[in-house]
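Here is the structure we will look at.
The values are calculated or read from the model by the stated rules, or taken from the named source; none is laboratory data. Keep in mind that what you see is a predicted model, and the values were worked out from it rather than measured. All Cβ positions, even for glycine, are placed from backbone atoms using ideal geometry, and neighbour counts span all protein chains on display. These accessible areas exclude ligands, DNA and RNA; they are computed on the full protein's heavy atoms, side chains included. Shrake-Rupley method; radii C 1.70, N 1.55, O 1.52, S 1.80 Å.
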Amino acid sequence: MIKLSLDGVFIRRRVVTVFRFLFGLGALLVWQVGFSANSPIEPYSGATLIQQRDSVGTAEYRLPLGGLRPNQGVLLPENSQKIVARRMVFTHEIDRSNLPSEVLEYFLGQFQTQGFQVLFQCESVACGDNSHWANTVFKQRKLNGLDRSQTLFTLSRDSGRDYLIFYLVQRGNKNIYSHIEWFYEIEQGAEKQAAITSGHLYLYDMLQKQNRVRLEGAVISADGSFSRQRNEATVTSVSDLFVAHPALNLVLVGHDESKREFEESLEFSTLIAQNAAQVLGEIASNSSIPAHGVGPLAPVRGRTKAQGSPSFWLELVLLP
């Protein structure tokens, strides 16, 4: 009786062990299928997944729209965009037998196929310090590689339905690593707020109340350029304002707090205002707008500088 009882216990344990193994295997397969189905970008052929994380809920993130630059002693992207979303992160190791150019070409094809548009891109030393991207921004030590081999893309799809950060780097051992952060389930409240603070009705309302309004959605490059493609929403809002209220006496004012010398700051703030005014003038026919720069002299009232926020910006000012 004792032997039979022990055999029964042993058999039950084996059954439980086998069941747990099969259940775990099934869960693994379901997870893999779900990951493949949910991710908009397929990994490079033969790549090995070394990390995957999916946030439990939505959180606030900043999308890099510029290379790393010192800001009050801290390395930060020179420009960024705040979103509230869920985030999925996945990092892959790609064998050294592949060329970085081939890998990059593959992902560029994926981005195009999936309908993603480039908001920002950089390569090599223009991106900034690789170790900071790897350890501080992406928190993935495997991405520590050669500065000259790195490539970074920030992309969006369907006017902000979802976003991607793509980072590619080669290490000293010639292995290649791809890192993608996919931001999805964009919080509707954030979308609505973005639409409110960029639409021409909001601009008009703020001009009537305060005689000035900051163009929150404007994306300005480190060299002062103002791209129509990256500023489509801002350009549309200002153009609509011109059409709806042609009698408004408006000027475009550039601000800059990133330069140490006053003259340099004044010159740069004038440059960004002139570049933006040129683009706006091309879109809104017969609606030119004067452009001026004030450097660091006239900060926005009540403006608190959040970490990672740009140190140069644009305002519309209503004159009497």
Per-residue SASA entry for V137, accessible area with 1.4 Å probe, Å² rounded to 10:
60
Calculated diffusion of segment 89-240, Stokes-Einstein form, Kirkwood radius summed over Cα pairs, 20 °C and 1.002 mPa s, µm²/s
123
Sorted list, accessible surface of protein heavy atoms, 1.4 Å probe, largest first, for D54, D256 is D54, D256
Using a Förster distance of 30 Å, the FRET efficiency for E263-N211 (Cβ separation, nearest 0.05):
0.65
Starting from 0.36 nm per residue, how many nanometres of slack lie between L146 and V56 once their C-alpha separation is accounted for?
29.1 nm
Spin-label pair A247/R157, simplified geometry with 7 Å Cα→Cβ offset, distance in nm
4.7
When the dipole is taken about the Cα centre of segment 201-249, and only Lys, Arg (+1) and Asp, Glu (-1) are charged at their Cβ, what size is it in debye, to the nearest 20?
100
Accessible-area value, R161, 1.4 Å probe, nucleic acids and ligands omitted, Å²
120
Spherically averaged projected area of segment 53-111 from its Cα convex hull (nm²)
6.2
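Can you figure out the FRET efficiency of Q72 with V125, using R₀ = 30 Å and their beta-carbon distance, to the nearest 0.05?
Details: r = 22 Å, r/R0 = 0.73.
Here the calculated transfer efficiency is 0.85.
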Quick one: net charge around S239, please, counting Lys, Arg +1 and Asp, Glu -1 for every other residue with C-beta under 15 Å from its C-beta.
-2
With the full set of protein chains in place, find how many percent of the accessible area of segment 41-90 is carbon and sulfur; take the probe as 1.4 Å.
48
